Amino acid sequence: MTLNVGPGLKRDAVRDYLLDLVAGRGPGEAIPSERDLAAVLGVSRPTLRAAVDDLVRSGVLVRQHGRGTFTGPHRVTQALTSTPSGSFYAPPAEGEWSSKILDFGTIVAGPQLARRLQLAPAAPVLRVVRLRVVDEEPMAIERLHLPYELVVGLEPDDMVAGSFYRLLRERFGVDVRSAVQTLEATVTDGPEAELLEVPEHFPALMVERTTRDVTGRIVEFVRSVYRGDRYRVTSELHFDTASG
């Protein structure tokens with residue numbers, strides 16, 4: 001086959017072809033050589049290599065010296081399903097999740113956290129930093145901030161396994177119901193890269209979430225950094241006549 005696109009679009013077209021190729025294969029499977037792919041697609045080797053480089057940087061493909069190029073590891077999927085009210089339901093992400101507690105202590109809210117949690121600047125806030133592990137591989141660094149008065153008696157061991165929101169509901173009477181969450185692309189800094197076992201400046205996904213309970217009270221602000229090669233979010237959308 002030959003890609004019938006303009007010169008400026010060939011790299012994008014090659015990238016799309018490779019993404020479709022990867023989608024039909026399991027983790028760790030070899031893809032054809034760059035020479036063969038360039039011949040099949042009718043593009044130059046530099047154009048093909050540039051597209052492969054893009055996917056290697058994002059973790060979709062993995063180069064192994066002397067062996068070739070392979071599909072990347074399985075990505076853990078977090079599904080978001082829209083509801084008739086326009087909100088989203090977030091079922092548990094796939095895989096077996098656990099945590100390693102990196103930091104656990106009380107701090108003063110200060111102006112920024114006070115604004116996010118709707119507290120007085122001098123109010124105490126419980127700050128928890130934990131490394132999230134899925135199927136024994138590091139996946140994310142999660143930094144949680146909670147009004148201290150809501151979780152008096154919470155211990156580090158409580159945050160290692162199990163559903164945190166279930167714990168809030170059953171032990172502390174905090175019934176989490178809604179959140180505003182943002183996702184944006186970022187890269188890891190040195191300490192994050194070391195914890196996540198990736199190179200520095202590795203592609204990552206930054207997730208910020210402000211969570212409310214059934215009464216509308218803010219009970220949590222979280223900022224997390226997820227590995228860009230291992231985590232993805234999928235959304236089910238519904239459209240009507242007003243949709244753009």
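The values are calculated or read from the model by the stated rules, or taken from the named source; none is laboratory data. None of the values given here were measured: they were computed from a predicted structure. With ideal geometry, Cβ positions are generated from the backbone for all residues, glycine too; neighbour counts draw on all protein chains shown. Please note that ligands, DNA and RNA were not included when accessible areas were found on the heavy atoms of the full protein model with its side chains. Shrake-Rupley method; radii C 1.70, N 1.55, O 1.52, S 1.80 Å.
Within the range 106-122, how many residues are in contact with a Ser or Thr (Cβ under 8 Å, 6 or more places away or on another chain) and part of a strand (DSSP E or B)?
Residues that pass the stated criteria total 0.
Go through the residues of the range 225-236 one by one and say whether even a single one is open to solvent by 30 Å² or more (accessible area, probe 1.4 Å), at pLDDT below 90 and more than 12 Å from the chain's Cα centre (by Cα).
Of all residues in the range 225-236, those open to solvent by 30 Å² or more (accessible area, probe 1.4 Å) come to 232-236.
Now narrow it down to the ones that are at pLDDT below 90: 232-236.
Still in the running and more than 12 Å from the chain's Cα centre (by Cα): 235-236.
Yes, the range 225-236 contains a residue that is open to solvent by 30 Å² or more (accessible area, probe 1.4 Å), at pLDDT below 90 and more than 12 Å from the chain's Cα centre (by Cα).
If I ask for residues that are over 16 Å from Val128 (Cα atoms), open to solvent by 80 Å² or more (accessible area, probe 1.4 Å) and touching a helix residue (DSSP H, G or I) at 6+ places or on another chain (Cβ under 9 Å), which ones from the range 149-198 would you list?
Arg171
Kindly indicate whether Val14 is more than 28 Å from Trp97 (Cα to Cα), modelled with pLDDT of 85 or more and open to solvent by 30 Å² or more (accessible area, probe 1.4 Å).
no
Please work out which one of (1) in contact (Cβ under 8 Å) with a residue 24 or more places away in the chain; (2) in a strand (DSSP E or B) is the condition Val125 fails and give its number.
All conditions are met except number (1).
Go through the range 128-148 and report how many residues are outside any strand (DSSP E or B), surrounded by 17 or more Cβ atoms within 10 Å (Cβ to Cβ) and modelled with pLDDT under 95.
Initially, the range 128-148 is screened for residues outside any strand (DSSP E or B), giving 135-136, 148.
Then drop every residue that is not surrounded by 17 or more Cβ atoms within 10 Å (Cβ to Cβ), which leaves 148.
Narrowing further to those that are modelled with pLDDT under 95: none.
Of the residues in the range 128-148, 0 are outside any strand (DSSP E or B), surrounded by 17 or more Cβ atoms within 10 Å (Cβ to Cβ) and modelled with pLDDT under 95.
Inside the range 31-67, can you point out the residues that are open to solvent by less than 30 Å² (accessible area, probe 1.4 Å) and in a strand (DSSP E or B)?
Within the range 31-67, Leu61 is the sole residue that qualifies.
Please determine whether any residue of the range 110-117 is at pLDDT 85 or above and either aromatic (Phe, Trp, Tyr) or closer than 30 Å to Glu137 by Cβ (or both).
no
In the range 17-30, which residues are on the phi < 0 side of the Ramachandran plot, outside any helix (DSSP H, G or I) and small (Gly, Ala, Ser)?
Within the range 17-30, Gly24, Gly26, Ala30 meet the criteria.
Name every residue in the range 172-190 that is in a helix (DSSP H, G or I) and either modelled with pLDDT under 95 or touching an Asp or Glu at 6+ places or on another chain (Cβ under 6 Å) (or both), in order of residue number.
Selection gives Gly190 alone.
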